[in-house]
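Here the structure is laid out as structure tokens; the discussion comes afterwards.
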Amino acid sequence: MFSSFFLRILSFTLLTTFFNATRFSSFALYLPRQQQNQTALRWVDCTTHVPLPIQFALNITTAPPTFPGPLPPSLKCGEMDVPMDYAKAIAPDNQITVGFAMNRPQNPKGLLLFHAGGPGVDAVSQAWANALNTSQAATFSGLEDFDFLAVNTRGIQFSNSLNCTSNTFFNNISFALCVPTPAIASVYLSNNKIKILAPARRANSTHTKPRWEASSSRAQITAPPAGIIQHVGTAEVIQDWDAIRAALGYEKVHLVGVSYGSFVGAAYAAKFPERVGNFILDAVLPHGMPFQDMVTDQVAAINRLLLRADAFCLQDTSCPFHGQGKGSVVKAWETVLARAIQQPIPASKCGPQTNCNTPVTPTDLRLGASVLLRSNPDFPQFNLALNQSLNGDASLFAYVPAGDIRDTVVVPLLCSDLKNNDKSFAGFKALSTNSNSSDPAQMIYSQIWQFTYMCSAWPFDAPAPAPLPTQLPIMWVTSDFDLNLPTELSTFAFEQAPKSTLVIRHGDDHVSMDLPTAASHPLQVDFIRTGVFPTARDDALVTVIPPGGKRGAVADPYTVAVGAVAGDMSAIETVQDFAPQAPASPLKSLQAPLGCRLAGDDAVYRAARVLVMEWKQIAYDNSSL
């Protein structure tokens, strides 16, 4: 969920003793296409149903947006009318349309559903990437012979884009909520940036309207049906999924749900256990975990990331603190924070006529650190930001209004699922102060706390939080140093699923499925293909805890390798592979007591950076066919 700001938050739950050593064969999972319900689905022309990330990458401004060239025949785009409120029969005043895209091979092995997280992250562009074989298709390398289904959830493009944002309810909240890279976030969330009220900004900010509003020619949005805002949560999304599954003629569905997609996937498994094939829930937002535990774990996680930045600096010769010894990055953080507390630090690149604010307060500093260290943590840029701040320029930590999450529909989608019964000021303060024991670096900021606080003002009811124990054989996946959805959250879900397996990737980054070269990736692909869990292992790259096993303590940030092998990347340098400081600790994952940690969303943003030029090249190549 908590991809950069949210992002991909997740947790999944699956089903009963029906699963044994023999998994569902392709025969059991697939019905011939002639048996599909062709009346419920409408196939549409993909050429004029271009996902917004691709529209922005190619600078498509036509109306309707049109892809500049032929598309592969395996790429299919569709729509389906479903009840807005499933408690009532579908009718003209209770009907919405849900959009999706598929990559369909000739003889599919089964149906594979993908949820991209968020909530509200575009999913259909992944089907496009698979069909066009872009670098992003490597995420699902080895699964090309499955019917790949990507559904855009309610509230975003193709599925009734909302015309209100959280500014409607939270306009007077001054604490910043940002995404890591405004330009890229705009690519992925611009379809959501339709706001009713201008948010409160600092006086020196000149950014007063979302970038999407300045690009209205890219997408013409009609008003969504009245009342839909109360029907955009997980309870409705999973029924949309099942309706599409049935219309496609499949008895069962496999699923890869990343970040927030894990939360939705677990809910689907609980409601439709008989439809569950092989489910992977990657970077998990669990159902029913106490908010206090999640906030405490997320604060602990960002403290671990600070140590990871220090470990990275020990190996990275371009780090400003390289050669100063272990703890130099931690010391730099403590010094910069102390200066900001005494007096806000100037940001020379920010101010009037810029997209960021100056000076940088302690609050800005803590938020900026979270932005640089979550999703795909950029240790080189974080260390550079610290060094520049020590020299009097905190621009890299500055608040960026263009990235304010209040300009998106993330919060409306999120608050439809998360309910906190204690909405008192004392209760919210306690969530933060009670996490102090896990916060030696005084990082304080927790995005989960922020969302909990904002959802307290949500005017509609949400389901009461409750765990979803399951007997289904699910694969839960986590990484040691995920900030968005810390590893403790995946452990919480795994402990309620005694027939499941937990895969721990030793390294950084949020979603493991997005790292095709990681040691965990073939384990995930093999499970989707066969339904057979990997055997237990515990090495420097991956730990696999089998059904009934116990999670050990989180690895020492200094003993796990840093660099490309750990999923590290940077906007300012090419990240190499570095050896760990010492041999990876044995972890004793099957016997040791449980350790703690936390999470949030996004290889999506990284992919946007990489794919802009790639999409342009593909469009050029296809136009010349």
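The values are calculated or read from the model by the stated rules, or taken from the named source; none is laboratory data. From a predicted model like this one, the values you see are computed outputs, not experimental measurements. Positions of Cβ are generated from backbone atoms using ideal geometry, with glycine treated the same way; all protein chains shown enter the neighbour counts.
What the table shows:
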quantity	calculated
Residue within the stretch 414-422 that is out of contact with any helix residue (DSSP H, G or I) (no Cβ under 7 Å at 6 or more places or on another chain) and buried (at least 24 other Cβ atoms within 10 Å of the Cβ) present	yes
Filter result for G142 (farther than 19 Å from F279 by Cα and not in a strand (DSSP E or B))	no
Condition check for T317: over 19 Å from A441 (Cα atoms), out of contact with any Ser or Thr (no Cβ under 6 Å at 6 or more places or on another chain) and at pLDDT below 95	no
Every residue from the stretch 534-550 that is among the polar types (S, T, N, Q) and either modelled with pLDDT under 95 or not in a strand (DSSP E or B) (or both)	T535
Answer residue from the stretch 491-506, given it is out of contact with any Lys or Arg (no Cβ under 9 Å at 6 or more places or on another chain) and closer than 22 Å to I448 by Cα and is surrounded by the most Cβ atoms within 10 Å (Cβ to Cβ) among those	A493
In the stretch 377-395, residue farthest from G323 (Cα to Cα) [restricted to those that are of a type in the set (A, V, I, L, M) and out of contact with any Phe, Trp or Tyr (no Cβ under 8 Å at 6 or more places or on another chain)]	A394
Output for the stretch 523-547, where each listed residue is of a type in the set (V, I, T) and free of Cβ contacts under 8 Å to residues at least 40 places away in the same chain	T535, V542
Search result, residues across the stretch 76-99 that are in a strand (DSSP E or B) and β-branched (V, I, T)	V82, I96, T97, V98
Residues of the stretch 313-347 that turn out to be part of a helix (DSSP H, G or I), surrounded by fewer than 18 Cβ atoms within 10 Å (Cβ to Cβ) and of a type in the set (S, T, Y), as a count	1
Single condition A131 does not satisfy, out of (1) part of a loop (DSSP other than H, G, I, E, B); (2) over 30 Å from D378 (Cβ atoms); (3) among the small types (G, A, S); (4) at pLDDT 60 or above	(1)
Pairs with Cβ under 6 Å, 6+ apart, first in the stretch 103-114 and at negative phi and in contact (Cβ under 8 Å) with a residue 60 or more places away in the chain, second part of a loop (DSSP other than H, G, I, E, B) and of a type in the set (D, E, K, R)	K109/D145
V295 vs. criteria in contact with an Asp or Glu (Cβ under 8 Å, 6 or more places away or on another chain), β-branched (V, I, T) and under 22 Å from T491 (Cβ atoms)	no
Any hit, the stretch 302-311, residues being farther than 20 Å from L367 by Cβ, among the aliphatic types (A, V, I, L, M), modelled with pLDDT of 95 or more and not in a loop (DSSP other than H, G, I, E, B)	yes
Output for the stretch 348-363, where each listed residue is in a helix (DSSP H, G or I) and modelled with pLDDT under 95	T363
Subset of the stretch 224-237 that is under 13 Å from I96 (Cβ atoms) and of a type outside the set (A, V, I, L, M, F, W, C) - its residue that is surrounded by the fewest Cβ atoms within 10 Å (Cβ to Cβ)	G227
Whichever residue in the stretch 378-405 is modelled with pLDDT under 95, of a type outside the set (A, V, I, L, M, F, W, C) and outside any helix (DSSP H, G or I) and, among such residues, is farthest from D577 (Cα to Cα)	D404
Output for the stretch 488-533, where each listed residue is among the polar types (S, T, N, Q) and at pLDDT 95 or above	S490, T491, Q496, S500, T501, S512, S520, Q524, T530
Filtered residues of the stretch 247-288 (kept if surrounded by fewer than 24 Cβ atoms within 10 Å (Cβ to Cβ), outside any loop (DSSP other than H, G, I, E, B), touching a Lys or Arg at 6+ places or on another chain (Cβ under 9 Å) and small (G, A, S))	G277
Any hit, the stretch 238-245, residues being of a type in the set (G, A, S), at pLDDT 95 or above, over 18 Å from W449 (Cα atoms) and surrounded by fewer than 24 Cβ atoms within 10 Å (Cβ to Cβ)	yes
Single residue of the stretch 291-334 satisfying the filter (among the hydroxyl-bearing types (S, T, Y) and in contact (Cβ under 8 Å) with a residue 12 or more places away in the chain) that is farthest from A466 (Cα to Cα)	S318
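Let's see how each residue does on (1) among the acidic types (D, E); (2) surrounded by fewer than 24 Cβ atoms within 10 Å (Cβ to Cβ); (3) over 21 Å from A267 (Cα atoms); (4) over 19 Å from the mean Cα position of the chain (by Cα):
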position: D93; (1), (2), (3), (4): yes, yes, yes, yes
position: R104; (1), (2), (3), (4): no, yes, yes, yes
position: N107; (1), (2), (3), (4): no, yes, yes, yes
position: A116; (1), (2), (3), (4): no, no, no, no
position: P119; (1), (2), (3), (4): no, no, no, no
position: A123; (1), (2), (3), (4): no, no, no, no
position: A129; (1), (2), (3), (4): no, no, yes, no
position: L132; (1), (2), (3), (4): no, yes, yes, yes
position: G142; (1), (2), (3), (4): no, yes, yes, yes
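Per-residue answers, yes or no, for (1) of a type outside the set (F, W, Y); (2) part of a strand (DSSP E or B); (3) farther than 29 Å from L414 by Cα; (4) modelled with pLDDT of 80 or more:
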residue	(1), (2), (3), (4)
L15	yes, no, no, no
Q55	yes, no, no, yes
A63	yes, no, yes, yes
T66	yes, no, yes, yes
